[in-house]
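Here the structure is laid out as structure tokens; the discussion comes afterwards.
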């Protein structure tokens, strides 16, 4: 994640890591493996305060509990949604947003498969490892923000042309991951492309077509076509 | 307008036209839970519609980008997992964490009190019978609350004795899965005495034991359903299934509604591979909760539950003794095999697989364990048979000092397509220049290069189970519809393409509708039967629509009905006196308000069956670390009449990649003492990733000129593991007889670790 100077709970501070800091600073790790029953029990089962608006991420420590209303910048539009502190960006997009953005897929829910990849401030991120409340103030781009069936991005067009999807469940994650790679370098080599989607899993075995699609898109982008 | 001479119109006689048709018997494929079985049926013996010659195909037999591609690459494609309905609740399932256990505590009251929880269902309150056996379900307003509810159940289990490994399960007095114990009755074939005598007389003999793991389907979209029942007399079930009609019928039963009142919807599905036919326990549970709450229920399995309870490819152990003559001709073949299918029987294709020996004998037994039952998985039973088969072929070849390609050609039928496919695969993989043809290379250096081969076969025939409707509307729009499902194989695309071909239209001008049980009946998609069942019915419907359209136009224009040609330029006719041409849109404008409809059924002569496939693999092995890197895989496969070459190559490559996983990294790992699966997630259960994908050469064997459509999904998943195992041995002499071929096993085979 795009850690700023105010987002580092590590080092000597780790000893007195509190729940609020835990949420604020180590969101990615927390949702993936560290989040414990104690925290979940506390936020899920205890008496809850009524829904309250939470401001954009403040500089200092912040305590969040219960159902909170947050605003996220998703695909260039501010979106208000109600989440819990533990709600991942993935679940926020798929189950909390109205209307839901379901192009981002939930497959492993623990950072193993890449199907939930989104762009956070332009960088590819597993949305299942990000807490939604941590991303106030960040620009989030989902697969829906890259193109529509009627107006596909160059990469999406090449995915179709090269048959880069079969069942298609992994496809959005691959498209997002490779979009970021080609944005960094349209002339990315096949090795670069493979590296960019090494964290994405496909069970149908579409990878060879995906590599071709990515290289073809890169050529078109580099040539400005 | 100038017109080319009109070729004589094809004869389009359909079933309805035929006068009291004679009957004839044909062989066809019947699929029972994904297993391809040959049966004989009676059909009308009438002249019928035919596919155009390959050279005349304008759309088919070309690369056709899939019509739902734009939806899939933009996130617009809606899967069951993505369905959102007003008032919908999320349900989650608690499964048995042990293979057998007494349920000591289940705090249902505490779960009910969790904020957001709306329903708690105890599925199995007393004891569990297998690892992953569903115990309870919780439904809540949010996914998080449903998970809280499961935790609040605070279940306590008391372990009961179990059998989850071969050794335990086959001991006398082992905890038994069935009242008859764990070891099934041996199924035998062949003459043991003759096979042993043939082996005795063989100049070359080898004996070895091979083991294959349980492989998971690992569908990216887990099993599940969204049941839209809000009380009343109607329901809709959104289902990730390979059998939309069957799923809807099952749901109707649990909901207590007539089958005619329940609609199954399956627009897109995230993988099935043989594991998604019935609605399973989770489907029943979702229906029960929906019935109780009168609210839509979303129940998709979590990843761990998916690994534990949604079926698998059975594993097994096979001991083979085989012999050959000095020229490589197989003499005798003895097999003793055990299948590991959990609660199920397991699955294993007949050995010897593809090859034949003068005499053979086999004995195959199931070993039951307290694990979920195996299910059909892409070419059920075949990869399990191919790996030991191809391995022993190589073991014999090395023992007899025979070229690895030559021994295969010697033992496969002389007239079989495998002969030419082996030549082609050998050429593509670089066999001629390879130094190790009759003995493996030395385990020296860090990159030992080896080559291996394998062959496979599958039926892939069709059956008369699909009802297709082609509709032409007055505004020129065209729809081809059938309630089938597209598993990602490209069904939707060929439905549109076949109709487009018939009318000279672009593929985009035809809408294909499927994945809805209200549409025409369709076969369950397993055993590669869908294409050979559905494509002929589409062609039949389209051809009938064409005849009907021509008849209509003849009446409108006062022209003979048999002279119409439907071309990209429009609808052409040489005319009685002068040629005429009409645009598609204008011609459709002459139709009555209801447009034109035609229904199609399976036409036997449009399908074919029986596909052979040959693969070769080139690998690099580091004998110091045991690491195997697959560098190149080649597949040459028959496909009958190719509908969509692009999707075909994707299918073939996809099969090869699944075989790659089976070869080098996949396998369920169960701790027999703890009674848990150690790898029920995508971190520890390793399917191939981008960095491991080798160079792929998928070749459609165009020397197969049959003008019938065949399903092609199964053959490419079969021979890859054997080919890779053989390549590893060929590279450095490491004969790994147990899949997956992990570095420790390579080092062990080289004698570097004990």
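Can you find even one residue in segment B:363-381 that is closer than 18 Å to residue B:728 by Cα and in contact with a strand residue (DSSP E or B) (Cβ under 8 Å, 6 or more places away or on another chain)? Looking through segment B:363-381, none of the residues is closer than 18 Å to residue B:728 by Cα and in contact with a strand residue (DSSP E or B) (Cβ under 8 Å, 6 or more places away or on another chain). The number of residues in segment B:110-142 that are crowded, with 17+ Cβ neighbours inside 10 Å and within 23 Å of residue B:371 (Cβ to Cβ) comes to 11.
Scanning segment B:304-324 for residues that are surrounded by 23 or more Cβ atoms within 10 Å (Cβ to Cβ) and in a helix (DSSP H, G or I) turns up B:306, B:307, B:308, B:309.
Residue B:242 falls short on exactly one of the conditions (1) within 14 Å of chain A (Cβ to nearest Cβ); (2) in contact with a helix residue (DSSP H, G or I) (Cβ under 6 Å, 6 or more places away or on another chain), and that condition is (2).
Residues satisfying the criterion are present in segment A:185-193 (criterion: assigned by TED's automatic domain parsing to the domain that holds residue A:159, over 22 Å from the mean Cα position of the chain (by Cα) and part of a helix (DSSP H, G or I)). A single member of A:120, A:176 is outside the structural domain of residue A:71 (by TED's automatic domain parsing), closer than 28 Å to residue B:687 by Cα and either without any contact (Cβ under 8 Å) to a residue 40 or more places away in the chain or touching a strand residue (DSSP E or B) at 6+ places or on another chain (Cβ under 8 Å) (or both), and it is A:176. For residue B:144, the criteria (1) part of a loop (DSSP other than H, G, I, E, B); (2) within 14 Å of chain A (Cβ to nearest Cβ) hold in every case but one, which is (1). The strands (runs of 3 or more DSSP E) located wholly in segment B:451-533 that include 1 or more residues which are at pLDDT 95 or above, farther than 20 Å from residue B:64 by Cβ and in the same structural domain as residue B:570 (by TED's automatic domain parsing) occupy B:468-472. Within segment A:79-96, being assigned to a loop (DSSP other than H, G, I, E, B) and either within 10 Å of another protein chain (Cβ to nearest Cβ) or under 20 Å from residue B:71 (Cα atoms) (or both) holds for A:84, A:86, A:87.
This table checks each residue for (1) over 30 Å from residue B:103 (Cα atoms); (2) surrounded by fewer than 18 Cβ atoms within 10 Å (Cβ to Cβ); (3) not assigned by TED's automatic domain parsing to the domain that holds residue B:364.
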position: B:153; (1), (2), (3): no, no, yes
position: B:157; (1), (2), (3): no, no, yes
position: B:172; (1), (2), (3): no, yes, yes
position: B:177; (1), (2), (3): no, no, yes
position: B:187; (1), (2), (3): yes, yes, yes
position: B:190; (1), (2), (3): yes, no, yes
position: B:198; (1), (2), (3): yes, no, yes
position: B:204; (1), (2), (3): yes, no, yes
position: B:207; (1), (2), (3): yes, yes, yes
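Go through segment B:53-77 and give me each residue that's in a helix (DSSP H, G or I), under 20 Å from residue B:509 (Cβ atoms) and within 14 Å of another protein chain (Cβ to nearest Cβ). Scanning segment B:53-77 gives B:69, B:70, B:71. For segment B:659-678, which residues satisfy the criterion of being surrounded by fewer than 17 Cβ atoms within 10 Å (Cβ to Cβ) and in a loop (DSSP other than H, G, I, E, B)? B:669, B:672, B:673, B:674, B:678, listed by residue number. The set of residues in segment A:117-143 that are part of a loop (DSSP other than H, G, I, E, B) and either within 11 Å of chain B (Cβ to nearest Cβ) or within 20 Å of residue A:70 (Cα to Cα) (or both) comprises A:121, A:130, A:136, A:137, A:138, A:142. Set side by side, the residues B:257, B:220 differ, and just one is free of Cβ contacts under 8 Å to residues at least 60 places away in the same chain, within 12 Å of chain A (Cβ to nearest Cβ) and either assigned to a helix (DSSP H, G or I) or over 18 Å from residue B:374 (Cα atoms) (or both), which is B:220. I'd like to check something: does segment B:55-70 contain any residue that is surrounded by fewer than 21 Cβ atoms within 10 Å (Cβ to Cβ), in contact with a strand residue (DSSP E or B) (Cβ under 8 Å, 6 or more places away or on another chain) and modelled with pLDDT of 75 or more? Among the residues of segment B:55-70, at least one is surrounded by fewer than 21 Cβ atoms within 10 Å (Cβ to Cβ), in contact with a strand residue (DSSP E or B) (Cβ under 8 Å, 6 or more places away or on another chain) and modelled with pLDDT of 75 or more, which makes the answer yes.
The values are calculated or read from the model by the stated rules, or taken from the named source; none is laboratory data. These numbers come from a predicted model, not from an experiment. FYI the Cβ positions are ideal-geometry reconstructions off the backbone, even for glycines, and counts take in every protein chain you see.
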